[in-house]
1. So Gly207 passes all but one of these: (1) at positive phi; (2) out of contact with any strand residue (DSSP E or B) (no Cβ under 9 Å at 6 or more places or on another chain); (3) not charged (D, E, K, R). Which condition number does it fail?
2. From Lys261, Lys284, Lys255, which residue is outside any loop (DSSP other than H, G, I, E, B), closer than 23 Å to Gln194 by Cβ and of a type in the set (D, E, K, R)?
3. Output the number of residues of the stretch 29-54 satisfying the condition of being more than 13 Å from Gly11 (Cβ to Cβ) and in contact with a strand residue (DSSP E or B) (Cβ under 7 Å, 6 or more places away or on another chain).
4. Identify, by number, the condition in (1) closer than 22 Å to Lys184 by Cβ; (2) at pLDDT below 95; (3) of a type outside the set (Gly, Ala, Ser) that Met93 doesn't meet.
5. What pairs can you find where one residue is in the stretch 256-285 and farther than 19 Å from Tyr204 by Cβ and among the hydrophobic types (A, V, I, L, M, F, W, C), the other is open to solvent by less than 30 Å² (accessible area, probe 1.4 Å) and assigned to a strand (DSSP E or B), and their Cβ atoms are less than 9 Å apart, with a gap of 6+ or different chains?
6. Does Ala251 qualify as being more than 30 Å from Tyr75 (Cα to Cα) and out of contact with any strand residue (DSSP E or B) (no Cβ under 7 Å at 6 or more places or on another chain)?
7. Take the conditions within 24 Å of Ser62 (Cβ to Cβ) and either without any contact (Cβ under 8 Å) to a residue 60 or more places away in the chain or assigned to a loop (DSSP other than H, G, I, E, B) (or both) and apply them to Asp100. Does it pass?
8. Checking Thr37 against (1) open to solvent by less than 60 Å² (accessible area, probe 1.4 Å); (2) touching a Leu at 6+ places or on another chain (Cβ under 9 Å), which test does it fail?
Amino acid sequence: MRKILITGGAGNLGSSLARRLTQDSNTFVHILDNLLTGKLKNLPAETKPNWTFKQVDVNQYSELAEEMRHHQFDYVFHYAAVVGVERTLQNPMLVLKDLDGLKNILSLSKETGVKRIFYSSSSEVYGEPTELPLHEEDTPLNSRLPYAVVKNTGEIFFKAYFQEYGLPYTIFRFFNTYGPRQSKDFVIAKFLSQALAGQDITIYGKGDQTRTFCYVDDNLDTIEAILNKKLHENDIINIGCAREMTILELAHIIKEVTQSKSNITFLPPLEEGDMSRRQPDISKMLNVLNRPLLNIYDGLAKTIEISSTQSNSN
(Lines give C-alpha, C1' and ligand atoms only; values in the text may rest on other atoms or scores of the structure.)
Protein backbone atom coordinates (compact mmCIF):
# COMPACT_ATOMS: atom_id res chain seq x y z
CA MET A 1 0.00 0.00 0.00
CA ARG A 2 1.38 3.41 -0.93
CA LYS A 3 1.36 6.03 1.83
CA ILE A 4 0.63 9.65 0.95
CA LEU A 5 0.75 12.79 3.09
CA ILE A 6 -1.39 15.81 2.19
CA THR A 7 -0.67 19.00 4.13
CA GLY A 8 -3.48 21.55 4.04
CA GLY A 9 -5.72 18.57 3.42
CA ALA A 10 -8.89 20.13 4.86
CA GLY A 11 -8.85 22.99 2.35
CA ASN A 12 -10.55 23.08 -1.04
CA LEU A 13 -7.84 21.51 -3.19
CA GLY A 14 -6.24 19.38 -0.49
CA SER A 15 -9.51 17.79 0.63
CA SER A 16 -10.63 17.24 -2.97
CA LEU A 17 -7.35 15.44 -3.65
CA ALA A 18 -7.75 13.37 -0.46
CA ARG A 19 -11.26 12.32 -1.46
CA ARG A 20 -9.99 11.29 -4.89
CA LEU A 21 -6.95 9.35 -3.69
CA THR A 22 -8.87 7.45 -0.99
CA GLN A 23 -11.05 5.92 -3.71
CA ASP A 24 -8.07 3.60 -4.30
CA SER A 25 -8.09 0.97 -1.55
CA ASN A 26 -4.35 0.43 -2.07
CA THR A 27 -3.61 4.02 -1.05
CA PHE A 28 -3.40 5.28 2.55
CA VAL A 29 -3.76 9.07 2.96
CA HIS A 30 -2.74 10.97 6.07
CA ILE A 31 -4.15 14.49 6.20
CA LEU A 32 -2.64 17.37 8.16
CA ASP A 33 -4.21 20.81 8.56
CA ASN A 34 -4.08 23.56 11.17
CA LEU A 35 -7.72 24.43 10.35
CA LEU A 36 -6.99 28.13 9.86
CA THR A 37 -9.09 28.04 6.70
CA GLY A 38 -9.62 24.28 6.24
CA LYS A 39 -12.80 22.62 7.47
CA LEU A 40 -13.38 19.18 8.95
CA LYS A 41 -16.52 18.75 6.86
CA ASN A 42 -14.31 18.72 3.75
CA LEU A 43 -12.57 15.50 4.76
CA PRO A 44 -13.32 12.13 3.07
CA ALA A 45 -16.24 9.97 4.13
CA GLU A 46 -15.78 8.52 7.60
CA THR A 47 -16.69 5.06 6.29
CA LYS A 48 -13.46 4.82 4.32
CA PRO A 49 -10.77 3.02 6.36
CA ASN A 50 -7.74 4.23 4.41
CA TRP A 51 -7.26 7.77 5.73
CA THR A 52 -6.50 9.57 8.95
CA PHE A 53 -6.49 13.22 10.00
CA LYS A 54 -4.54 15.18 12.57
CA GLN A 55 -4.63 18.88 13.37
CA VAL A 56 -1.02 19.94 12.90
CA ASP A 57 0.73 23.17 11.98
CA VAL A 58 3.42 22.11 9.51
CA ASN A 59 5.30 25.34 10.26
CA GLN A 60 6.11 23.78 13.66
CA TYR A 61 8.97 21.36 13.05
CA SER A 62 8.38 19.10 16.05
CA GLU A 63 4.70 18.55 15.19
CA LEU A 64 5.46 17.66 11.58
CA ALA A 65 8.50 15.55 12.43
CA GLU A 66 6.43 13.30 14.69
CA GLU A 67 3.98 12.56 11.87
CA MET A 68 6.51 12.03 9.08
CA ARG A 69 8.89 9.87 11.10
CA HIS A 70 6.04 7.70 12.33
CA HIS A 71 4.36 7.07 8.97
CA GLN A 72 7.33 7.02 6.52
CA PHE A 73 5.41 8.37 3.52
CA ASP A 74 6.07 7.46 -0.11
CA TYR A 75 4.71 10.74 -1.49
CA VAL A 76 3.98 14.18 -0.07
CA PHE A 77 1.58 16.80 -1.42
CA HIS A 78 2.47 20.09 0.25
CA TYR A 79 -0.69 22.19 -0.05
CA ALA A 80 -0.64 23.94 3.34
CA ALA A 81 -0.52 27.73 2.98
CA VAL A 82 -2.23 30.94 3.99
CA VAL A 83 -4.56 31.68 1.05
CA GLY A 84 -7.03 34.32 -0.14
CA VAL A 85 -6.04 37.72 -1.56
CA GLU A 86 -7.45 39.81 1.29
CA ARG A 87 -6.23 37.44 4.02
CA THR A 88 -2.69 37.36 2.65
CA LEU A 89 -2.61 41.13 2.27
CA GLN A 90 -3.81 41.66 5.84
CA ASN A 91 -1.48 39.07 7.39
CA PRO A 92 1.93 39.37 5.68
CA MET A 93 3.89 37.93 8.61
CA LEU A 94 1.59 34.90 8.74
CA VAL A 95 2.24 34.35 5.04
CA LEU A 96 6.02 34.59 5.49
CA LYS A 97 5.80 32.00 8.29
CA ASP A 98 4.92 29.45 5.59
CA LEU A 99 8.60 29.48 4.61
CA ASP A 100 9.22 27.49 7.80
CA GLY A 101 6.75 24.85 6.63
CA LEU A 102 8.51 24.58 3.28
CA LYS A 103 11.87 23.98 4.93
CA ASN A 104 10.36 21.51 7.39
CA ILE A 105 8.67 19.48 4.66
CA LEU A 106 11.79 19.31 2.52
CA SER A 107 14.15 18.46 5.38
CA LEU A 108 11.91 15.70 6.74
CA SER A 109 11.12 14.31 3.28
CA LYS A 110 14.85 13.96 2.64
CA GLU A 111 15.36 12.36 6.05
CA THR A 112 12.49 9.86 5.78
CA GLY A 113 13.03 8.72 2.19
CA VAL A 114 10.06 10.32 0.46
CA LYS A 115 10.09 9.32 -3.22
CA ARG A 116 8.67 12.61 -4.56
CA ILE A 117 7.15 15.85 -3.29
CA PHE A 118 4.35 17.70 -5.08
CA TYR A 119 4.21 21.42 -4.32
CA SER A 120 1.19 23.69 -4.55
CA SER A 121 2.57 26.86 -6.10
CA SER A 122 0.44 29.59 -7.66
CA SER A 123 -0.18 31.74 -10.70
CA GLU A 124 0.92 34.61 -8.42
CA VAL A 125 4.55 33.72 -9.18
CA TYR A 126 4.02 35.35 -12.59
CA GLY A 127 3.25 38.73 -11.05
CA GLU A 128 1.86 41.28 -13.48
CA PRO A 129 2.23 39.47 -16.83
CA THR A 130 4.43 40.90 -19.54
CA GLU A 131 2.88 38.64 -22.18
CA LEU A 132 0.15 36.02 -22.46
CA PRO A 133 -0.39 33.12 -22.25
CA LEU A 134 1.83 32.52 -19.22
CA HIS A 135 4.30 29.72 -19.88
CA GLU A 136 6.09 27.69 -17.22
CA GLU A 137 9.49 28.92 -18.43
CA ASP A 138 8.47 32.56 -17.97
CA THR A 139 8.61 33.93 -14.43
CA PRO A 140 8.73 37.74 -14.40
CA LEU A 141 9.28 37.88 -10.60
CA ASN A 142 7.86 41.39 -10.55
CA SER A 143 5.42 40.90 -7.68
CA ARG A 144 6.49 42.14 -4.25
CA LEU A 145 3.49 40.67 -2.42
CA PRO A 146 4.50 38.30 0.41
CA TYR A 147 2.31 35.47 -0.95
CA ALA A 148 3.96 35.60 -4.38
CA VAL A 149 7.43 35.90 -2.87
CA VAL A 150 6.83 32.84 -0.66
CA LYS A 151 5.59 30.76 -3.59
CA ASN A 152 8.58 31.81 -5.71
CA THR A 153 10.96 31.02 -2.87
CA GLY A 154 9.27 27.67 -2.38
CA GLU A 155 9.89 26.75 -6.00
CA ILE A 156 13.56 27.66 -5.61
CA PHE A 157 13.82 25.51 -2.46
CA PHE A 158 12.40 22.47 -4.27
CA LYS A 159 14.82 22.86 -7.17
CA ALA A 160 17.73 23.33 -4.76
CA TYR A 161 16.87 20.20 -2.77
CA PHE A 162 16.80 18.17 -5.97
CA GLN A 163 20.12 19.62 -7.10
CA GLU A 164 21.82 19.08 -3.73
CA TYR A 165 20.17 15.89 -2.47
CA GLY A 166 18.37 14.31 -5.44
CA LEU A 167 14.91 14.71 -3.87
CA PRO A 168 12.41 14.54 -6.79
CA TYR A 169 9.65 17.14 -7.04
CA THR A 170 6.81 18.39 -9.20
CA ILE A 171 5.59 21.99 -8.93
CA PHE A 172 1.94 22.74 -9.69
CA ARG A 173 1.27 26.37 -10.58
CA PHE A 174 -2.41 26.55 -9.76
CA PHE A 175 -4.65 29.08 -11.46
CA ASN A 176 -8.18 29.73 -10.16
CA THR A 177 -9.70 26.34 -9.38
CA TYR A 178 -13.30 26.22 -8.24
CA GLY A 179 -15.69 23.58 -6.98
CA PRO A 180 -18.25 22.76 -4.29
CA ARG A 181 -15.83 22.94 -1.34
CA GLN A 182 -14.25 26.30 -2.14
CA SER A 183 -14.42 28.96 0.58
CA LYS A 184 -16.03 32.34 0.00
CA ASP A 185 -12.58 33.97 0.05
CA PHE A 186 -12.51 33.18 -3.68
CA VAL A 187 -14.41 34.90 -6.42
CA ILE A 188 -16.65 32.15 -7.84
CA ALA A 189 -17.73 30.89 -4.41
CA LYS A 190 -18.40 34.47 -3.29
CA PHE A 191 -20.38 35.37 -6.42
CA LEU A 192 -22.42 32.15 -6.25
CA SER A 193 -23.26 32.74 -2.61
CA GLN A 194 -24.35 36.30 -3.32
CA ALA A 195 -26.37 35.37 -6.42
CA LEU A 196 -28.19 32.46 -4.79
CA ALA A 197 -29.07 34.64 -1.79
CA GLY A 198 -30.32 37.48 -3.98
CA GLN A 199 -27.63 39.80 -2.61
CA ASP A 200 -25.62 42.30 -4.63
CA ILE A 201 -22.72 40.72 -6.51
CA THR A 202 -19.77 42.88 -5.48
CA ILE A 203 -16.80 43.51 -7.76
CA TYR A 204 -13.57 45.30 -6.90
CA GLY A 205 -12.84 48.07 -9.39
CA LYS A 206 -14.48 48.08 -12.82
CA GLY A 207 -14.41 44.30 -13.25
CA ASP A 208 -12.16 44.51 -16.30
CA GLN A 209 -9.43 42.39 -14.69
CA THR A 210 -9.30 38.94 -16.31
CA ARG A 211 -8.99 35.45 -14.87
CA THR A 212 -9.40 31.86 -16.01
CA PHE A 213 -11.40 29.25 -14.07
CA CYS A 214 -10.69 25.52 -13.88
CA TYR A 215 -13.23 23.07 -12.48
CA VAL A 216 -11.78 20.97 -9.68
CA ASP A 217 -12.21 17.60 -11.46
CA ASP A 218 -9.96 18.76 -14.31
CA ASN A 219 -7.36 19.70 -11.71
CA LEU A 220 -7.66 16.32 -9.95
CA ASP A 221 -7.61 14.23 -13.11
CA THR A 222 -4.37 15.93 -14.15
CA ILE A 223 -2.69 15.48 -10.77
CA GLU A 224 -3.78 11.86 -10.38
CA ALA A 225 -2.41 11.03 -13.84
CA ILE A 226 0.91 12.76 -13.03
CA LEU A 227 1.19 10.73 -9.81
CA ASN A 228 0.15 7.34 -11.19
CA LYS A 229 2.01 7.57 -14.51
CA LYS A 230 5.12 9.21 -13.00
CA LEU A 231 4.89 12.23 -15.30
CA HIS A 232 6.59 15.65 -15.07
CA GLU A 233 9.17 14.67 -12.48
CA ASN A 234 11.43 17.62 -11.59
CA ASP A 235 9.24 19.89 -13.66
CA ILE A 236 6.75 22.76 -13.35
CA ILE A 237 3.25 22.53 -14.79
CA ASN A 238 0.45 25.08 -15.03
CA ILE A 239 -2.87 23.70 -13.77
CA GLY A 240 -5.77 25.82 -14.95
CA CYS A 241 -7.93 26.78 -17.90
CA ALA A 242 -7.00 28.86 -20.93
CA ARG A 243 -10.42 30.52 -21.38
CA GLU A 244 -9.83 34.13 -20.26
CA MET A 245 -12.76 36.26 -19.09
CA THR A 246 -13.29 39.49 -17.20
CA ILE A 247 -14.62 39.41 -13.66
CA LEU A 248 -17.64 41.38 -14.87
CA GLU A 249 -18.31 38.71 -17.52
CA LEU A 250 -18.07 36.05 -14.80
CA ALA A 251 -20.65 37.91 -12.71
CA HIS A 252 -23.08 37.97 -15.64
CA ILE A 253 -22.52 34.24 -16.33
CA ILE A 254 -23.24 33.42 -12.67
CA LYS A 255 -26.41 35.52 -12.78
CA GLU A 256 -27.46 33.61 -15.90
CA VAL A 257 -26.69 30.15 -14.50
CA THR A 258 -28.40 30.83 -11.17
CA GLN A 259 -31.25 32.85 -12.74
CA SER A 260 -30.53 35.42 -10.05
CA LYS A 261 -31.97 38.92 -9.97
CA SER A 262 -28.99 40.22 -7.96
CA ASN A 263 -27.58 43.60 -8.89
CA ILE A 264 -23.92 43.93 -9.80
CA THR A 265 -22.24 46.63 -7.73
CA PHE A 266 -18.70 47.98 -7.78
CA LEU A 267 -16.40 48.50 -4.81
CA PRO A 268 -13.19 50.55 -4.73
CA PRO A 269 -10.34 48.57 -6.30
CA LEU A 270 -7.94 46.71 -4.05
CA GLU A 271 -4.82 48.76 -3.34
CA GLU A 272 -2.59 45.88 -4.39
CA GLY A 273 -2.71 42.21 -5.26
CA ASP A 274 -5.40 42.33 -7.96
CA MET A 275 -3.38 41.60 -11.10
CA SER A 276 -4.85 42.91 -14.36
CA ARG A 277 -4.74 39.67 -16.38
CA ARG A 278 -4.25 35.94 -15.97
CA GLN A 279 -4.13 33.30 -18.71
CA PRO A 280 -1.95 30.17 -18.53
CA ASP A 281 -0.38 28.15 -21.27
CA ILE A 282 -1.86 24.72 -20.44
CA SER A 283 -0.20 22.69 -23.19
CA LYS A 284 1.43 20.36 -20.66
CA MET A 285 -1.84 19.88 -18.78
CA LEU A 286 -3.78 19.05 -21.95
CA ASN A 287 -1.13 16.52 -22.96
CA VAL A 288 -1.61 14.79 -19.61
CA LEU A 289 -5.42 14.84 -19.76
CA ASN A 290 -5.79 14.12 -23.47
CA ARG A 291 -9.29 15.59 -23.42
CA PRO A 292 -10.94 19.04 -23.36
CA LEU A 293 -11.65 20.82 -20.08
CA LEU A 294 -15.13 21.32 -18.66
CA ASN A 295 -16.66 24.62 -19.74
CA ILE A 296 -17.60 27.28 -17.20
CA TYR A 297 -21.37 26.75 -17.55
CA ASP A 298 -21.22 23.01 -16.86
CA GLY A 299 -18.69 23.51 -14.07
CA LEU A 300 -20.89 26.05 -12.32
CA ALA A 301 -23.91 23.78 -12.66
CA LYS A 302 -22.01 20.88 -11.08
CA THR A 303 -20.75 23.14 -8.29
CA ILE A 304 -24.27 24.31 -7.46
CA GLU A 305 -25.73 20.79 -7.62
CA ILE A 306 -23.07 19.21 -5.38
CA SER A 307 -23.10 22.13 -2.93
CA SER A 308 -26.87 21.86 -2.63
CA THR A 309 -26.66 18.10 -1.97
CA GLN A 310 -24.00 18.67 0.70
CA SER A 311 -26.10 21.37 2.40
CA ASN A 312 -29.19 19.14 2.46
CA SER A 313 -27.25 16.25 3.99
CA ASN A 314 -25.83 18.37 6.84
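1. (2)
2. Matching residue, one of Lys261, Lys284, Lys255: Lys255.
3. Here the count works out to 7.
4. (1)
5. Ile282/Cys214; Ile282/Ile237; Ile282/Asn238; Ile282/Ile239; Met285/Cys214; Met285/Ile237; Met285/Asn238; Met285/Ile239
6. Criteria not met by Ala251.
7. Yes; evaluated as a whole, the condition is true for this residue.
8. Going through the list (1) open to solvent by less than 60 Å² (accessible area, probe 1.4 Å); (2) touching a Leu at 6+ places or on another chain (Cβ under 9 Å), Thr37 breaks only (2).
The values are calculated or read from the model by the stated rules, or taken from the named source; none is laboratory data. Not measured: the values here are computed from a predicted model. We place every Cβ from the backbone using ideal geometry, glycine too, and count neighbours over all the protein chains shown. When the accessible area is computed, the model is the full protein with side chains, heavy atoms only, and any ligands, DNA or RNA have been set aside. Shrake-Rupley method; radii C 1.70, N 1.55, O 1.52, S 1.80 Å.
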